[in-house]
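Have a look at this one before I ask anything.
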Amino acid sequence: MPRHPAILTAGFVAGQYVAGGAFTPDEARAALLPAALDSGSAGADRALEAALQAGSKADARYVVGAPLTAPIPKLPTATEAAARLDTELRAFFDQAKTGQSTKLGIQGAAGLGKTTRALAVARKAGVTVDHYVPTQKLARELAERLPSGAAIAIRGRTHSDEGLPPLCAKADAADALQKAGLGRFHQKLLCGNPKDGRFPCPHAAGCGYHAQFKNPAPIRFYSHEWLVLGSKERAGLKTPDVAIVDESFAGVFEHYQSWSLEALGEAGGAFYTVGDAVRHGTLSQEEHGPLIAEALEAAPFPRHPPIHPEMSSAEAAQAIKRWNAAPKEKLLPYDLLRAIKSVLESGESKRLYAEEWAGKTTIRFSGLKTLASEATSWLFLDASLNPEIVRKIIPDTTVISIEARRNVRVVQITDSALSKSRLAANADHLSARLAEFAERLKAKNPNGAVISGKGFLERAKADGYFTDLPDGHYGALRGLSTLETADWLIQVGRNEPPVWAVERKARCWFADEPTLELGTVKRDPEWLQGKDDAARINAITSFANDHCQRILESLREEESLQAIDRLRLIHAGRPKTVYLLSNQPLPGIQPDVLTTLDSLLLPGRLAVVMLRDGALTGPPMLALLHPDLFENEQSAKDALRTLQGWISLYNPSCHLDEESWPRKIGHPLK
């Protein structure tokens, strides 16, 4: 044993500061180890390391009073924010109903009531509206909330909705055309050109697809995909007074293509020549423009199934079946030539690039689809609205921000991002630890919810965890209303996109901007500021380029805020609790409590036991009942000894009722 308890005390306290992010373990060792060795204590280095490890798992210590780089202002109340929202909406629709073109974007927190109030004001103003939302399901739900005859949810040819059959009798043929990349020929091959107001299709008389466009409802709901569909079916409709684009819409405009250089080599000729030029950065209009033009001139008309409008649904289905079964020649990559031609003509060279991976080269293109919808006035509604992206679609749009106070208590960890890779590795039974924490919360109040990445949730639920809690996953939170009544939320990890995904998206939207710079990613320390203290986060990914950084924040920080706001905190009558199990600082969120992951979760094997048995027994029984976890009685004893140390430090940092934790264990640790 070391002769100087001071080594243990200093190491333990330093470990607590390491847990709080004040400095790294290596910095703590560098500061303390020389003095420990100089003490002459036997085993001083081992004692210091053990103390550091124990302290890092105990109650974290933080730097108190660390200055905020940008103090969080006191936000407006729900009433104040709603009043401003109404004022802005009334002014917008008052101008829109006069026929004047107006363009407005409202960046307002989820739960503020943007959609509901916009529809109410639009109906009162008596204007016609095309309203675009993320999914067909949400379109239907919104239409059903309005009085009969006030709205209709427009469906695609093949979309079956809540057990309803597709609107098009030739849905199978339409689906086949879509999969073949020939969706633009739906009208020509399935319906035909109308003569005397009638389509040659034998099912035209009872066609629900075309009938929906004749519905006189003043409000039409569409999924976002319709923003880029140049549909002839809508050509005869009067341009609406207002188009409302609700929630994040950027993805439907982004167009990604890729070609392996190996496949281009097999195609040969101009295909390989221009692909190789992209790889070497030697592509030019002077050298390659004529070559591309000549090759495109010889391009064949796209092959499509042998169907025509006069066919019945059965005949079209048979033709599709034969076409799918028939051998087909490999198509040459003329789409590469078209992509390169567009880049050479526009000068937007950042859309086109070569990517080397595992010894293979891939040519990639990041394009932007054209807006196909029309309206006199435009209104954008989204909590994470990016003004730059909005103005790429509708130039000169004015974007305003309406923030509101959340009625929430936030507990956030400081020592881990809980990355996708860590969650997937599931070291030390991490999934079970998180599930056991949820069970503890449920014992006090069963009305909770969980949000995480899709992969983690699927794996956890397959193991039987979180099965009786409502849940949601990143990337599919907008419009999710099933968590609104929950009193608490466990939010696991964050939606951290890979660097390439951020830059690929930036190429789509800002390839025409000289200010777009690629390769500016960095990892720097950052402060996570709580209400009473702060913790230093050692490495947060960011970009020096503003375009890339704003895209990263829209995918990461804003998605975390979307998750928090699934609890509809702005209008909550009492504070709800959110456990942020990631150390990512979030804009507008100042945690009430900063803690560590190990301060909230049980050690792995003991968490598994609690999930199985609901209580911990003594070492002999643990080893007997759970041989897969404890190889012998000593192993169980060591696990319980670790827990005993944690228990003495646990109550102040659990942030539940202090009495509930020891009582839940069911074993007196004396």
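Report the relative contact order of region 227-364, percent, no decimals, based on alpha-carbon pairs under 8 angstrom and at least 6 residues apart.
In percent, rounded to a whole number, it is 33.
Which label marks the calculated value of Rg and Dmax of the Cα atoms in Å, given the options (i) 30.0, 103; (ii) 34.1, 102; (iii) 26.3, 86?
Of the listed options (i) 30.0, 103; (ii) 34.1, 102; (iii) 26.3, 86, (i) comes from this structure.
Before I look further, what does region 416-546 give for accessible area per residue, probe 1.4 Å, in whole square angstrom?
For region 416-546, the per-residue accessible area is 43 Å².
Report for the chain the percent antiparallel among DSSP-assigned beta bridges with both residues inside it, nearest 5. Don't jump to the answer; show the numbers that get you there.
Details: 24 of 70 bridges.
Bridges in the chain that DSSP calls antiparallel: roughly 35 percent.
Which of the listed residues, 635, 211, 381, is farthest toward the dipole's positive end in the chain, when Lys, Arg count +1 and Asp, Glu count -1 at the beta-carbon?
Positive-end residue among those listed: 211.
Quick check: the distance between the Cα centres of region 108-174 and region 268-319, to the nearest angstrom?
When both Cα centres are located, 36 Å separates them.
Only Lys, Arg, Asp and Glu count, each charged at its Cβ (+1, +1, -1, -1), so figure out the dipole size of the chain about its Cα centre, rounded to 20 debye. Numbers along the way, then the final one.
Details: 79 positive and 79 negative charges, 338 e Å.
Here the size comes out at about 1620 debye.
Quick one: helix 604-613 against the long Cα principal axis of the chain, what's the angle to the nearest 10°, folded into 0 to 90?
80 degrees
How high is the FRET efficiency from residue 282 to residue 369, r the C-beta distance, R0 25 Å, rounded to 0.05?
0.30
Measure out, as a whole number of angstrom, how far apart the alpha-carbon centroids of region 522-585 and region 333-404 sit.
26 Å
With all protein chains present, calculate the accessible area of residue 26 using a 1.4 Å probe and round the result to the nearest 10 Å².
Its accessible surface works out to 110 Å², give or take rounding.
May I ask for the angle, rounded to the nearest 10°, between helix 136-145 and the longest principal axis of the chain, with both axes built from Cα atoms and the value confined to 0 to 90°?
90 degrees
Continuing with this model, one more query. Give me the extension gain from residue 360 to residue 538: residue separation times 0.36 nm, minus the current Cα-Cα distance, reported in nm with one decimal.
60.6 nm is the gain from fully extending residue 360 to residue 538.
Can you give the extra length, in nm with one decimal, that the chain gains between residue 87 and residue 388 once fully stretched, where that is 0.36 nm per residue apart less the Cα-Cα distance?
Details: separation 301, 0.36 × 301 = 108.36 nm, distance 2.43 nm.
Contour length minus Cα-Cα distance gives 105.9 nm.
Right, here's the next one. Quick check: residue separation of residue 318 and residue 161 times 0.36 nm, minus the Cα distance between them. What number comes out in nm?
Gain on stretching residue 318 to residue 161: 54.0 nm.
May I ask you to derive the relative contact order of region 523-656, considering only C-alpha pairs under 8 Å and at least 6 residues apart, and to give it as an integer percent?
With pairs under 8 Å counted, the relative contact order is 20 percent.
Shifting gears a bit: Rounded to the nearest 20 debye, what is the charge dipole size of region 209-363 about its Cα centre when +1 sits on each Lys and Arg Cβ and -1 on each Asp and Glu Cβ?
With Lys and Arg at +1 and Asp and Glu at -1, about 620 debye.
Moving on. Find the relative contact order for the chain and round it to a whole percent, using C-alpha pairs within less than 8 Å whose residues are 6+ positions apart.
On the way: 1115 pairs, mean separation 118.9, N = 670.
Relative contact order, the chain: 18 percent.
Once the dipole of the chain is set up with Lys and Arg at +1 and Asp and Glu at -1 on Cβ about the Cα centre, which of 52, 571, 551 lies farthest towards its positive end?
Looking along the dipole axis, the top candidate is 571.
Restricting to DSSP loop positions (anything but H, G, I, E, B) with no more than 16 other Cβ atoms inside 10 Å of their own Cβ, which trypsin sites (Lys or Arg not before Pro) remain in region 215-275?
Counting only loop positions with at most 16 other Cβ atoms within 10 Å, the trypsin sites (Lys or Arg not before Pro) in region 215-275 are 238.
Another question, if that's okay. If I fit a long axis through the Cα atoms of helix 25-38 and take the longest principal axis of the Cα atoms of the chain, what angle between them do I get, 0 to 90°, rounded to 10?
20 degrees
Moving to a separate point now. Going through the cross-link list 420/444; 74/124; 57/442, which pairs have a Cα-Cα distance over 26 Å in this structure?
From the list (420/444; 74/124; 57/442), the Cα-Cα distance tops 26 Å for 420/444; 74/124.
Leaving out ligands and nucleic acids, and using a 1.4 Å probe, what accessible area per residue does region 211-369 come to in Å²?
Solvent-accessible surface per residue comes out at 54 Å².
Tell me the carbon and sulfur percent of the accessible area for the chain, rounded to whole percent, probe radius 1.4 Å.
With neighbouring chains kept in place, the figure for the chain is 52 percent.
With a cap of 15 neighbouring Cβ atoms within 10 Å, and only residues DSSP puts in a loop, list the trypsin sites (Lys or Arg not before Pro) found in region 496-577.
The qualifying sites are 531.
Would you mind working out the magnitude of the charge dipole of region 311-440 relative to its Cα centre, with +1 at each Lys and Arg C-beta and -1 at each Asp and Glu C-beta, to the nearest 20 Debye?
280 debye
The values are calculated or read from the model by the stated rules, or taken from the named source; none is laboratory data. Every value quoted in this text rests on a predicted model; they were computed, and no experiment measured them. Glycine gets a Cβ as well: all are built from the backbone with ideal geometry, and neighbour counts include every protein chain shown. In case anyone asks, the SASA skips ligands and DNA or RNA and just uses the protein heavy atoms, side chains included. Shrake-Rupley method; radii C 1.70, N 1.55, O 1.52, S 1.80 Å.
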